[in-house]
Each structure stands twice: as C-alpha cells, then as structure tokens.
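Accompanying notes for the structure given below.
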Amino acid sequence: MELKRVAYGVIMAATLIFVRFIDIYVYDMSTFVSMIIIILIMVVSYKVVDRSTFFDRLISRNTYYVMNTLIIALLIFVYYAIES
C-alpha cells in the first residue's frame, strides 16, 4: 500500500478539524463558506501530496493499519478537545 492513502485520510480529517476550530474560536462562518474553505484546502493539499515523491513509498499492510489507528485516535481526541 502506498503512503499516499494514509496522507489522504489525514488531509480529510485534519481539514475538517481545522475548519471546525476556526468556526468555533476565530470566526463564526456560514455553512457555505465553511464548505468552500474545506474544498479549497483539500484540493491544494491533494495536489501537494500527488506531486511529492515522498508519498510514493510502499508500506506494509500492518504499518498501514497501525498508522491509521493512531491517526484516527489522535483526531478523535483533538475533535473532542476542541468541543470542550
């Protein structure tokens, strides 16, 4: 499996958390503006990952599952830390 697949998941989750943080603590945005910002950040991030040769590396299936589990646990923790 490619490391790109892990990076894509991190981009999606981190973008949602980042925009949610801005929405709560910095500026109260409408849903439409939030969606536009999410789309823009994700498109730019995907293009950066696609052009980088670092993410073309192959990783084992076990490493892929461990990385995804740790990233998901961290993102859940961050999401609830923002909410409180």
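The values are calculated or read from the model by the stated rules, or taken from the named source; none is laboratory data. Given the structure is predicted, the values throughout are model-derived calculations rather than measurements. The protein model used for the area step is the full one, side chains on, heavy atoms only, and it has no ligands, DNA or RNA in it. Shrake-Rupley method; radii C 1.70, N 1.55, O 1.52, S 1.80 Å.
Here are a few things to note about the model shown:
- Couplings 3J(HN,Hα) for segment 24-39, derived from phi with the Karplus relation 6.51 cos²θ - 1.76 cosθ + 1.60 (θ = phi - 60°), are 7, 9, 9, 8, 7, 9, 6, 4, 4, 5, 4, 5, 4, 5, 4, 4 Hz, where x marks Gly and Pro.
- Phi angles across segment 7-21 convert, under the Karplus curve 6.51 cos²θ - 1.76 cosθ + 1.60 with θ = phi - 60°, into 3J(HN,Hα) values of 4, 4, x, 5, 4, 4, 5, 5, 5, 4, 5, 4, 5, 5, 4 Hz, Gly and Pro given as x.
- Listed values [x] 3, 15, 29, 24, 13, 7, 4, 3, 2, 1, 0; [y] 3, 14, 28, 27, 18, 9, 1, 0; [z] 3, 14, 21, 19, 19, 12, 8, 4, 0, entry calculated as P(r) over Cα pairs in 5 Å bins from 0, in percent: [z]
- Accessible surface of the chain, 1.4 Å probe, proportion on carbon and sulfur as whole %: 71 percent
- Per residue accessible area of the chain, 1.4 Å probe, in Å²: 73 Å²
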